[in-house]
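See structure below.
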Amino acid sequence: MFQLPKNEPQVPKDTPRNYFIYGETMSGKSYLANEFPSPIVLNTDGNAEANSVPSIQLKNDKDRTGEITKSVIDQLSEILLALQTQSHTYKTVIIDVIDDVLELMRIAVANQLGVKSLSEAGYGKGYDYYNQAITELVMDLKALPMNVIYISRQINEYDDEGKVTKEIPSLKPKFVNLINGNSDLMIQTLKVGNNYSRKIDRRRKAYKADQVDDNKILSILKTIRGALDSATAKTTQQDKF
């Protein structure tokens, strides 16, 4: 029989679970991601066995002729199905780096369609298939009962005098928007000299420390400038998301 909840006040629980981390090389992106509870890394740097946490190397398997025999799209589908259906103790899945994953997916789609470039596929078929595969990946990751972390590289925009005017993820804006639209916090990591820092670029909402019910994540959020509001913060505060 369906049981109604008790008619009494309850303490809100509000823990961010989806993250987009970007920054320059060696700025602490992977280090931050690996701090999250019980992580498994889906890795693209060809050095999965050197990681200090369990990792899976993402790649397009090819035969001697260069044809893809198993695409990264198929590999990701198998991994996500396993994370959904198998008994395991992982609590966080990390995509390191999402830039490379999307490029591997583009190559796989082109290979499947028998073209070198997606533009060669008629009537936008290549791009439609590619965009659909990316959207499905993001949706499937978000559906996992786990923390999800995307890691991206950083590029700089410059003015006419060569000064940096903006630091942004290296992904195309439409993919940044897709991932951010399904993330709670967008975090930039920085290194100045020997000093490392972390700051919020965008956030879906104001998160309060007393409403985060995962102590491990709370301790991480406390190291990120702008991630948390105090319990007494005004609800009318304007956020970037």
Distance in nm between pseudo-label sites at Ile168 and Asn131 (7 Å out along the Cβ direction from Cα): 1.8
Rounded to the nearest 20 debye, dipole of the chain from Cβ charges on Lys, Arg, Asp, Glu: 620
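Given R₀ = 35 Å, what would the calculated FRET efficiency be for Ser87 paired with Ile155, taking r from the Cβ atoms and rounding to 0.05? All intermediate terms of the calculation are to be shown ahead of the outcome.
Working: r = 41 Å, r/R0 = 1.16.
Result of the calculation: an efficiency of 0.30.
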For the stretch 134-147, 3J(HN,Hα) per residue [Karplus equation, 6.51 cos²θ - 1.76 cosθ + 1.60, θ = phi - 60°, Hz, x = Gly/Pro]: 5, 4, 5, 4, 4, 5, 5, 5, 5, 6, 5, x, 9, 6
Given 15 as the ceiling on other Cβ atoms within 10 Å, longest exposed-site-free region of the chain for trypsin sites (Lys or Arg not before Pro) in DSSP loops: 65-115
For the stretch 62-70, 3J(HN,Hα) per residue [Karplus equation, 6.51 cos²θ - 1.76 cosθ + 1.60, θ = phi - 60°, Hz, x = Gly/Pro]: 10, 8, 5, 8, x, 6, 6, 9, 8
Which of Met105, Pro169, Leu118, positive extreme of dipole for the stretch 88-241 (C-beta unit charges): Pro169
Neighbour-limited loop hits for GluC sites (Glu not before Pro), the stretch 112-215 (at most 15 other Cβ within 10 Å; DSSP other than H, G, I, E, B): Glu161
Nonlocal amide H pairs with Ser55, under 5 Å, H built at 1.01 Å: Val41
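Summing +1 for each Lys or Arg and -1 for each Asp or Glu, what net charge is found among the other residues whose Cβ lies under 12 Å from the Cβ of Gln75? Provide the component values of the computation, followed by the final result.
Numbers: positive: Lys59, Lys70; negative: Asp61, Asp74, Glu78.
Summing Lys and Arg as +1 and Asp and Glu as -1 gives -1.
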Whole-Hz couplings from phi, Karplus 6.51/-1.76/1.60, listed for the stretch 74-89; x for Gly and Pro: 5, 4, 5, 4, 5, 5, 5, 4, 5, 5, 7, 10, 8, 6, 8, 10
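Values in this text are rule-based calculations from the coordinates and carry no lab data. Owing to the predicted nature of the structure, the values given are computational and were not obtained by experimental measurement. All Cβ positions, glycine included, derive from the backbone under ideal geometry; neighbour counts span all protein chains shown.
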